[in-house]
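Quick notes on the structure that follows.
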Amino acid sequence: MTLTQPPLHRHLVDFGRTLREHGLVAGPSEIIDAAAAATALGLDDRERLRAGLAAALLRRSGERRVFDQLFDVYFPRAIGESRDVAEPPTLDTPEERRDHAAALRTELARALADNDAAALQRLAEQALLDLGRLPNEASVGSFSAAQALDTLAPQTALAAALQSGPGSDGPLFTESFRREELRSRISAFRAAVEGEARRRNAEIRGRQRVGRYAVRPSADRTLFILAGSTELTELRATVGPLARKLATRLAAKRRRRNRGTIDLRNTLRRSMATGGVPMRPAYRLRPPHKPDLVVLADFSSSVAGFSRFTILLLQALHAQFNKVRVFGFINVCVDLTELFASAPAGTDLTDEIRDVSQMTRWHKNSDYGSAFADFVGNHLDAVTPRSTVLILGDARSNHTDPRLDALHTIRDRARAVIWLNPEPARSWGSGDSESDTYGQIVDMHECSTIAHLRQIVSRLLPV
């Protein structure tokens, strides 16, 4: 199969445009650097070209996953059918598909045990061709990596691979070491199947379409409410670096605020040393101020991951606040301050707060009105005129009484109330959402990704 390739510079411009659609900064200067790198490195070694373009186009480590996926679309490892892949068999019944998947799984187990990279790549191509072809190519694309992986179930090949080692009938390493090593190889195999699906679909559907819709976003653009366990693990890994950057910004913001207004008398006195020109203005310094922070976090299943991540970030920023109080709720508020204060920064407390029985009463559905009323009745002393109240939740109250009076009480007592909603703003007010109603009382902001959270913490939180 032969495709007419555009000139390299036009190809890089299209590549950069797709990178920008996924939030990466790839402007004209970066594209020029990438073209210079490609010219210097040549096109013979694909992995060398990948490393060179990554060095020219990327600014943050979290962008590498998106870059690699799009690189495989715009700079594919092959075009068309591979010579090493056999013609797909005719599989008319579910039993035939299961039997064929079992045969491929046996080959996969041997390739995993031998760590045969060439065999694993060939099996990824074969599995996609045999098990991933979609019946309706015109509407949804040609191949589905998810369909192929669900049928093949490569994770079940782990036990078979553990029973053998390369070139022998017995295991070569300790079981724990080999288990982790094989899991890593299985992850690489799954990535190879997904990459092959993107490559084949790009030939049929077009690079721009596949690059726009078939690439997983970077960690800072992953929606909190759609993040699975793998994505949440990646998000937790960003807490430390993100906290350090935000702490620097908040400290600089506090220094600017503490300078106060210009002291005219001292400014004129200083200007005598520069011929009457006020080169170095003097300021009336304000007394240092650190606000109190009170966090009300919804720990119902729909937004628990978002709440835990945000609290971990605030925990890492505790030095920027005078006092931090944390309350969790589903329909009853529980003081979790000691739990978070006693844990080292960045610690995942999922297991510690898995039991939410103390946060529920009568039922286990989120009820914001009941939670606000319980907070006002039992924990309102935590809020003072120095306090900023941060509410974390999607405001979906399952059609219960929103208790606007309780939220009014919290707002009137606090210095400020900021509501972070992990749902996209287009969903506010739909179904059982009380976002529009609560948004008339307090400031509500969309906070569906890390990018939103970074902006809100650095710009909105008072210092």
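Numbers for the structure displayed
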| item | result |
| --- | --- |
| Förster-model FRET efficiency, 56 Å R0, A78 and H399, C-beta, rounded to 0.05 | 0.55 |
| Label corresponding to Kirkwood radius over Cα pairs in Å when calculated from the structure given, among (i) 23.4; (ii) 26.3; (iii) 21.7 | (ii) |
| Average accessible area per residue (Å²) across the chain - probe 1.4 Å, nucleic acids and ligands excluded | 51 |
| Lys pairs, the chain - Cα-Cα below 29 angstrom, 8 or more residues apart or on other chains | 6 |
| Most to least packed among 319-329, 34-44 [average Cβ atoms within 10 Å] | 319-329, 34-44 |
| Residues L380 and R179, FRET efficiency given R0 of 45 Å [Cβ-Cβ distance, rounded to 0.05] | 0.30 |
| Mean residue ellipticity (222 nm) of the chain, computed from DSSP H runs ≥ 4 via -39,500 (n - 2.57), nearest 500 | -15500 deg cm²/dmol |
| Heavy-atom accessible area ranking, 1.4 Å probe, most first, across K245, K290 | K245, K290 |
| Rounded FRET efficiency, nearest 0.05, which uses the C-beta distance separating R284 from D335 and R0 of 41 Å | 0.55 |
| Carbon and sulfur %, accessible surface of region 33-89 computed with the full protein complex present, 1.4 Å | 49 |
| DSSP-defined beta bridges in the chain - what % are antiparallel, rounded to 5 | 25 |
| Net lengthening on full extension, E352/H318 (0.36 nm per residue, minus Cα-Cα) | 10.2 nm |
| Descending semi-axes in whole angstrom, ellipsoid equivalent of region 190-250, from the Cα gyration tensor | 32, 13, 10 |
| Solvent-accessible ranking of R200, R415, largest area first, probe 1.4 Å | R415, R200 |
| Sequence of I262, I311 when ordered by accessible area, the most exposed leading, probe 1.4 angstrom | I262, I311 |
| Directionally averaged shadow of region 290-375, computed from the convex hull of its alpha-carbon atoms, nm² | 5.3 |
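The values are calculated or read from the model by the stated rules, or taken from the named source; none is laboratory data. Nothing here was measured: the structure is a model prediction, and the numbers come from that model. Heads up, the Cβs are rebuilt from the backbone with ideal geometry, glycines too, and the neighbour counts pull from every protein chain shown. We work out accessible area using only protein heavy atoms, side chains counted, and drop any ligands, DNA or RNA first. Shrake-Rupley method; radii C 1.70, N 1.55, O 1.52, S 1.80 Å.
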